[in-house]
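The values are calculated or read from the model by the stated rules, or taken from the named source; none is laboratory data. Just so it is clear, the structure is predicted and the values come from calculations on it, not from any experiment. Here the Cβ is made from the backbone with ideal geometry for all residues, glycine too, and neighbour counts use every protein chain on show.
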Amino acid sequence: MLFRFVFILACVVIFINSCNSVVSLNFGTHKLRSFTMEEVESSGLGDSDFVEITDAQLTGDFIHAPGTKEKDGGLVLYPLLSKKGLEAYEKGESPSARIVAWTDIFEWDCLEAKNCAPKGETTIKGVIRKMEPEKDKSQSLNVQLPELPIYLEVGREPTPWYWHALLMLIAGGSILFLEIRRLKKKAG
């Protein structure tokens, strides 16, 4: 009885989360939204989860956060600045950076060559995600970060709708199967 209750509860949670994700992908926060870096500096990203930022300036400065597991290569973190922020950085000042971009996909050679985030203007696309505290080395960057910086995982996109639809079908089908089986036992 307890197993059935917990199983049905888990299926309902999966169903609701998947339904929410399908709606968000089509109408909400998981839909790609584009911003310029100046817009981000002045008004932020709002509730966007999947963003493309144009006119972002890279300082060439980055941090490698070593992995916490054997096969984990770690992360490369780097600040995104506006043109004004880059000018201040080049003058030796410590500008404010609202966004810290990060990736776990990088060539090991870039660490030695110190060019994992080459200086210059770029357009960057990714998903806003929380950073694991043990991997967050962003305080070592040569910029001022707000109390709660925005972490952008570069190159990642939200999970496609069809995976969420499949999870909804599996969760709903599992509940139906369990209940039909229970009713057959009760009748027979």
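Annotations
- Candidates are the residues of segment 71-92 that are surrounded by 13 or more Cβ atoms within 10 Å (Cβ to Cβ) and either farther than 16 Å from L152 by Cβ or basic (K, R) (or both); the one that is modelled with the lowest pLDDT is G73.
- Scanning segment 25-51 for residues that are modelled with pLDDT under 90, in a helix (DSSP H, G or I) and surrounded by fewer than 18 Cβ atoms within 10 Å (Cβ to Cβ) yields a count of 4.
- In segment 99-147, residue nearest to the chain's Cα centre (by Cα) [restricted to those that are part of a helix (DSSP H, G or I) and touching a residue at least 40 places away in the same chain (Cβ under 8 Å)]: S138
- Residues (touching a residue at least 60 places away in the same chain (Cβ under 8 Å) and not polar (S, T, N, Q)) located in segment 148-159: I150, L152, E157, P158
- Condition met for L81 (of a type in the set (A, V, I, L, M, F, W, C), within 17 Å of K137 (Cβ to Cβ) and touching a residue at least 24 places away in the same chain (Cβ under 8 Å)): no
- Filtering segment 52-70 to residues that are at pLDDT 80 or above, part of a loop (DSSP other than H, G, I, E, B) and charged (D, E, K, R) leaves only D61.
- Residue in segment 176-188 that is buried (at least 17 other Cβ atoms within 10 Å of the Cβ) and among the basic types (K, R) present: no
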